[in-house]
1. Looking at segment 1-72, which trypsin sites (Lys or Arg not before Pro) are DSSP coil and have at most 10 other C-beta atoms within 10 Å of their C-beta?
2. If you scale each eigenvalue of the Cα gyration tensor by 5 and take the root, what three semi-axes come out for segment 41-99, rounded to whole angstrom and sorted largest first?
3. In the Gaussian network model of the chain, springs joining C-alpha atoms below 10 Å, which of V72, V22, V85 carries the largest mean-square fluctuation?
4. Taking the alpha-carbon distance from K40 and a cut-off under 24 Å, which lysines remain once sequence neighbours fewer than 8 residues away in the same chain are dropped?
5. Are there any GluC sites (Glu not before Pro) in segment 1-43 that are in a DSSP loop and have at most 14 other Cβ atoms within 10 Å? List them by number.
6. So the label point goes 7 Å from the Cα of I78 along Cα→C-beta, right? Which residues of segment 1-42 then have their backbone N under 11 Å from it?
7. Report the equivalent ellipsoid semi-axes for the chain in whole Å, largest first, defined as the square roots of five times the eigenvalues of the gyration tensor built from alpha carbon atoms.
8. List, in order, the whole-Hz ³J(HN,Hα) value for each residue of segment 76-90 obtained from phi through the Karplus relation with A = 6.51, B = -1.76, C = 1.60 and θ = phi - 60°; use x for Gly and Pro.
Amino acid sequence: MIETYINNLSNTEILFLIIGFVGQGLFASRFIFQWIYSEKKGESHIPLIFWYLSIFGGLGLLTYAIFRKDPVIIVGQIFGIFIYVRNLILIYNKAKKQQ
């Protein structure tokens with residue numbers, strides 16, 4: 001069944017499937033990093049890598065959603081990416097002020 005599905009895909013569709021899966025993998029891995037980081041700290045914390053994985057995973061998913069012409073995922077990812085970038089700006093501004 002999966003083999004038949006893959007055999008019927010064009011090279012472009014396969015490329016965007018790969019981009020989508022990589023994006024989803026990056027996006028999902030942020031929770032693993034956050035969990036490990038929090039366990040080491042002994043309390044809930046969000047490490048810097050969480051935001052980078054959110055951005056790059058979101059960009060991969062946005063790319064896939066644009067290819068698939070899925071407006072629900074497109075809007076959701078654009079909104080999310082904006083928030084992730086804004087969090088990084090706030091983190092770096094705070095670090096700059098503390099120096």
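Taken together, the values in this text are just the output of simple stated rules run on the coordinates, not laboratory data. Given the structure is predicted, the values throughout are model-derived calculations rather than measurements. With ideal geometry, Cβ positions are generated from the backbone for all residues, glycine too; neighbour counts draw on all protein chains shown.
1. Values: sites: R30, K40, K41, R68, K69; in loops: K69.
The qualifying sites are K69.
2. On the way: eigenvalues 155, 33, 14 Å².
They are 28, 13, 8 Å, listed largest first.
3. V72
4. K94
5. Working: sites: E3, E13, E39, E43; in loops: E43.
Of the GluC sites (Glu not before Pro), the ones in loops of segment 1-43 whose Cβ has at most 14 other Cβ atoms within 10 Å are E43.
6. Within reach of a label on I78, which here means backbone N under 11 Å from a point 7 Å along Cα→Cβ, segment 1-42 contributes nothing.
7. Numbers: eigenvalues 211, 56, 17 Å².
After scaling each eigenvalue by five and taking roots: 33, 17, 9 Å.
8. Couplings: x, 6, 4, 4, x, 4, 4, 5, 5, 5, 4, 4, 5, 4, 4 Hz.
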